[in-house]
Amino acid sequence: MNPIRDQHIPGVLRLHAPVEPAVPLVFDSPHSGTDYPADFGAMAPVAELRAAEDTFDDDLYGAAPGLGAPLLCALFPRLYIDPNRAETDMDPAEIEGAWDGPPLSPGAKSRLGQGVVWTRRPPGLPVYDGKLPAAALRARIEGYHRPYHRALARVLDATAARFGGYYHVNCHSMPSLASNMSAEPPGTKRPDIVLGTLDGLTAGPELVDAVRAHLSGRGLDVRVNEWFKGLHIIRAAGDPARGRHSLQIEVNRRLYMDEERIGKGPGYATIRSVFTDLIENLRRFAAARPPGPK
């Protein structure tokens, strides 16, 4: 009996349960949300904020549940609060009022204005006309960030309990060109696909090789741990020694999107088919190579 059930928290998340027979494969899309909360308080209209979205990522992997793998999707936008940052990854200088939560510990992304709450948006413009109230940060953590991570942890733990481990794919997209918010020089052309494992810490080489071989075989330029190595989600989910493998996949938006108008491009159906085939390939891989501890 499948222990994973559909879950929907309006405006927060949607979990699509797998159809049996399930396999030890899990997908999550933390940045594809497009439900902008009324209390966002951004100084720009939504249309000018959407470049930060990983729009359509949830649909690119939409075949997963029917192929036996759960798919968790955030419904809120990453600019509002980012599930792929630790909840303490925020610059205290960006907060107004007394913060009574865990001590804030800003990292490299916070210094770019991309902490757990983004204060700058592509191409480097401010999101707010002042500091973020401490109460707003707490509300977003408690109402959005923690529920997403609780849901993901439940799915991963249930999969590990059933199968001895899991293969987890953390789904992302990237702009075709680097901006002045990027680590690379602005205007740098990005490859088609970047796979991230925090330099091998979060997933074994067999999973990486299977994904790279499939995507390279479709004529895509695939890099591993270049530009995007992964962040908070795969760090928390990945522990290969315990059979818990977590891989981040970044897809270049030019392959399937009109980046200017935030719409599907002429290559959309082709790329979605590539990822449906990838899920089928990983289903066979997971069934043939159980992910339990070695």
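Between the DSSP loop rule and a limit of at most 11 other Cβ atoms within 10 Å, which trypsin sites (Lys or Arg not before Pro) in the stretch 1-60 are left?
5
Sequence gap at least 6, Cα distance under 8 Å: using those rules, report the relative contact order of the stretch 220-273 to the nearest whole percent.
20 percent
What net charge is computed for the residues neighbouring residue 275, neighbours being all others with C-beta under 12 Å from the C-beta of residue 275, Lys and Arg scored +1, Asp and Glu -1?
-3
If you add up the charges near residue 27, with Lys and Arg at +1 and Asp and Glu at -1, over every other residue whose beta carbon is less than 10 angstrom from its beta carbon, what do you get?
Net charge in that neighbourhood comes out at -3.
What is the distance in Å between the Cα centroid of the stretch 54-133 and that of the stretch 253-284?
Their Cα centres are 24 Å away from one another.
Which loop-located trypsin sites (Lys or Arg not before Pro) does the stretch 187-277 contain, where loop means any DSSP state but H, G, I, E or B and the Cβ has at most 13 other Cβ atoms within 10 Å? Please list the in-between numbers first.
Working: sites: 189, 212, 218, 223, 229, 235, 242, 244, 253, 254, 261, 264, 272; in loops: 218, 229, 261.
The qualifying sites are 261.
Ranked by Cβ crowding within 10 angstrom, fewest neighbours first, how are 26, 46, 194 ordered?
46, 194, 26
Taking N as the number of residues in the stretch 165-294, what value does Rg over Cα atoms divided by 2.2 N^0.38 Å take?
Cα Rg divided by the expected 2.2 N^0.38 Å: 1.08.
Could you put 118, 227 in order, starting from the residue whose Cβ has the fewest other Cβ atoms within 10 Å?
227, 118
When ranked by the protection proxy of mean other Cβ atoms within 10 Å per residue, highest first, what sequence do the peptides 127-136, 53-62 form? Can you show the working numbers first?
Numbers: 127-136: 15.7, 53-62: 22.6.
Highest mean packing first, the order is 53-62, 127-136.
Sum up the charges of everything whose Cβ sits under 11 Å from the Cβ of residue 44, counting Lys and Arg as +1 and Asp and Glu as -1, but leave residue 44 out. Intermediate values should be presented prior to the final figure.
Details: positive: 50, 121; negative: 48, 129.
With Lys, Arg at +1 and Asp, Glu at -1, the neighbours total 0.
Taking the number of other C-beta atoms within 10 Å as the exposure measure, put 100, 35 in order starting with the fewest.
In order of increasing Cβ crowding within 10 Å: 100, 35.
For Cα pairs less than 8 Å apart in space and 6+ apart in sequence, what is the mean separation divided by the residue count of the chain, i.e. the relative contact order in percent?
Here the relative contact order equals 21 percent.
In terms of modelled amide H atoms, which long-range or inter-chain residues lie less than 5 Å from the amide H of residue 224?
For residue 224, whose amide H was placed from the backbone, the distant partners under 5 Å are 195.
Lysine pairs, Cα distance under 28 Å, 8 or more residues apart or cross-chain: how many in the chain?
Going through the chain pair by pair, I get 7.
Laboratory data are not the source of any read-out in this text; all were calculated from the coordinates shown. If you're wondering where the values come from, they're calculated on a predicted model, not measured in any experiment. Note that we place each Cβ from the backbone using ideal geometry, even for glycine, and neighbour counts take in every protein chain shown.
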